[in-house]
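Let me begin by presenting the structure, written as C-alpha cells, before commenting on it.
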C-alpha cells in the first residue's frame, strides 16, 4: 500500500521484516500504552524495523483517533509517516489530519442494540474489537471481528463477564482491518514521496517541507489575531535553513466565527 507512491516518487522499495512486533510500542486496544508523542513513536517504530532488517533506511506509521480539534463533535484521523535515513543523517515526518474515519465505540447488551453503530462503523467491511465494558479482562479481548457470528459470540461472552452486563464495542483501527484508514495512509505516503523528492534549496538534502506553523491569521472584521494558521514554515531535515510562506490554501483572513473578539 505505501510502497507504490514511494517507489514512483523516489524509487524506494518497502520491505517488512518477519516477526516484527510493533505492539511493543503501543496498541489501539489498550493492552500496551503508547509512550511518547506520535512523532517519537513513529520514528522509534521505524528504527525497530531498521534493526530487524539490518538496513539504514526505515519507515513507519503512527495513527491517533479522536475529536477534530476544530470540529469537536466530528472524529478525525491524525496519521504520521516517519522516514529515517541514517546514511544522510535525516528524519522526515509527514502527517495529515483527516475527517475520513469510521472511528467510534458503543456499549451493548445484544447484537440488536448495535444496529445503528454497525452502520456507522461500516461493519463487516471494517473490523471490530469487543471487550467487557468494565475494562480489560484476561482472555476477553476479541480483535479483527468481521463476521456476524463471531460478533454475537464475543458480545455474549463479554457482556456476561462485565459488571454492568454490557460489552464495549469499538472500531478496529489497525490498518489491515480498516480500509478507510488505509486510504488516509495512502494520502500521507503520496505526501511523503513528494517531500523526499524535494531538495533543500540551501544544502540540497532531500526532505524539504513543512516543519512548523505560525498562528495569528487576522480576523476579516476586526483585524485581530485568531488561532488559525497565518504562515507555514518550511525547512530542511539536515541543516537549519527555514523559509516562511503564506498559507498554501490561499486563505488570508479568518472568518469572524474564529475570532474570540467578534465571536466571544
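Any read-out appearing in this document is the output of simple, stated calculations on the displayed coordinates, not a laboratory observation. Please read all numbers here as calculations on a predicted model, not as lab measurements. Neighbour counts are summed over all protein chains in view; Cβ atoms, including those assigned to glycine, are modelled from backbone coordinates with ideal geometry.
Highest mean packing first, where packing is the average number of other Cβ atoms within 10 Å per residue, the peptides 89-99, 186-196, 239-249, 254-264 line up as 186-196, 89-99, 254-264, 239-249.
Mean separation of Cα pairs under 8 Å and 6 or more residues apart, divided by the residue count, gives the chain a relative contact order of 14 percent. Computing Rg and the Kirkwood Rh from the Cα coordinates of the range 105-172 gives a ratio, Rg/Rh, of 0.92. Taking a point 7 Å out from the Cα of residue 204 in the direction of its Cβ, the residues of the range 78-106 whose backbone N falls within less than 17 Å of it are 88-89. Taking 206, 218, 124 in turn, the Gaussian network model of the chain (Cα-Cα springs below 10 Å) assigns the largest fluctuation to 218. Measuring r between the beta carbons of residue 20 and residue 100 and using R0 = 41 Å, the FRET efficiency lands at 0.95.
Dividing the convex hull volume of the alpha-carbon atoms in the range 30-127 by its residue count gives 143 Å³ per residue.
Note on the range 198-264: Rg/Rh from C-alpha atoms, Kirkwood Rh, equals 1.15.
Mean separation of Cα pairs under 8 Å and 6 or more residues apart, divided by the residue count, gives the range 170-264 a relative contact order of 20 percent. Reducing the range 128-174 and the range 186-264 to their Cα centroids gives an inter-centroid distance of 42 Å. Considering only 37, 180, 101, the mean-square fluctuation computed in a Gaussian network model of the chain, springs between alpha carbons under 10 angstrom, is largest for 37.
In a fully extended conformation the segment linking residue 260 and residue 125 would gain 44.3 nm over its present Cα-Cα distance, using 0.36 nm per residue. Annotation: for a label point projected 7 angstrom from Cα along Cα→Cβ of residue 213, residues of the range 87-117 with backbone N closer than 15 Å are 94-99.
For the chain, the Stokes-Einstein estimate of translational diffusion at 37 °C and a viscosity of 0.692 mPa s comes to 157 µm²/s, using the Kirkwood hydrodynamic radius over alpha-carbon pairs.
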